[in-house]
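To keep things clear, I will list the structure first and then write my remarks on it.
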Amino acid sequence: MGDEDEVVVRLQAAVADKNRSRVAKVTVKRGSEKIQPVTEVAVGEASRLFATEHDHEIMPDTGTLSVMETELQAFTERVRNHGFLKETKFINVMIPSSASVYADAAPDHLQSTLKKAEEYRSVIRALYEKCGWTVLDLTEDLRENTGIGKLYGLTFDRWTDSGAYVGYRS
């Protein structure tokens, strides 16, 4: 990396005897003690690249959830205490990672992370519902529409036009 703090790396991967993936870009940043990748990139079926930017290894503890609930309830009440916003309906849209949508194609070592991500979504869903919010989890709708085209970019969890359309319809 030389003296630079950040470098963009181009990746291409292939599973043995399969087609190569498209080239994907991953940004690598210099950490305080070592070079740390911003994302983990793994190769799944048909040379599909999976990147994760989120760490679901740590579930919020009871104390943290309690603080989150208190803050969410306070926010909801503050908004509803304004006269014309009294009837405001709150909606939380849960957008899954590409690995959650294409879970069948993800490499085996990501399966435990995907399970933890699902548990995390369940906890957060319950928290918002307890505070009177409507929760829309787009995971199933996106999974059901993987046949219409690529829903996510090559590695990052950003929708393509097709993914955005499915999310909009959901």
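The values are calculated or read from the model by the stated rules, or taken from the named source; none is laboratory data. Predicted model, so just to flag it, every value in this text is computed and none were measured. As a convention, Cβ positions derive from the backbone with ideal geometry for all residues, glycine included, and neighbour counts pool all protein chains shown. Just so you know, the surface numbers come from the protein's heavy atoms only, side chains and all, with ligands and any DNA or RNA stripped out. Shrake-Rupley method; radii C 1.70, N 1.55, O 1.52, S 1.80 Å.
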**Asked** Going by the structure shown, is F90 surrounded by 15 or more Cβ atoms within 10 Å (Cβ to Cβ) and either closer than 22 Å to T62 by Cα or not small (G, A, S) (or both)?
**Response** yes
**Request:** Give me a count of the residues in the range 117-138 that are within 16 Å of V101 (Cβ to Cβ), open to solvent by less than 50 Å² (accessible area, probe 1.4 Å) and modelled with pLDDT of 90 or more.
**Result:** 2
**Message:** Is it the case, given these coordinates, that P107 is under 22 Å from M68 (Cα atoms), open to solvent by less than 30 Å² (accessible area, probe 1.4 Å) and not hydroxyl-bearing (S, T, Y)?
**Reply:** no
**Request:** Working carefully through the options H109, H82, find the one that is out of contact with any helix residue (DSSP H, G or I) (no Cβ under 9 Å at 6 or more places or on another chain) and in contact (Cβ under 8 Å) with a residue 24 or more places away in the chain.
**Result:** H109
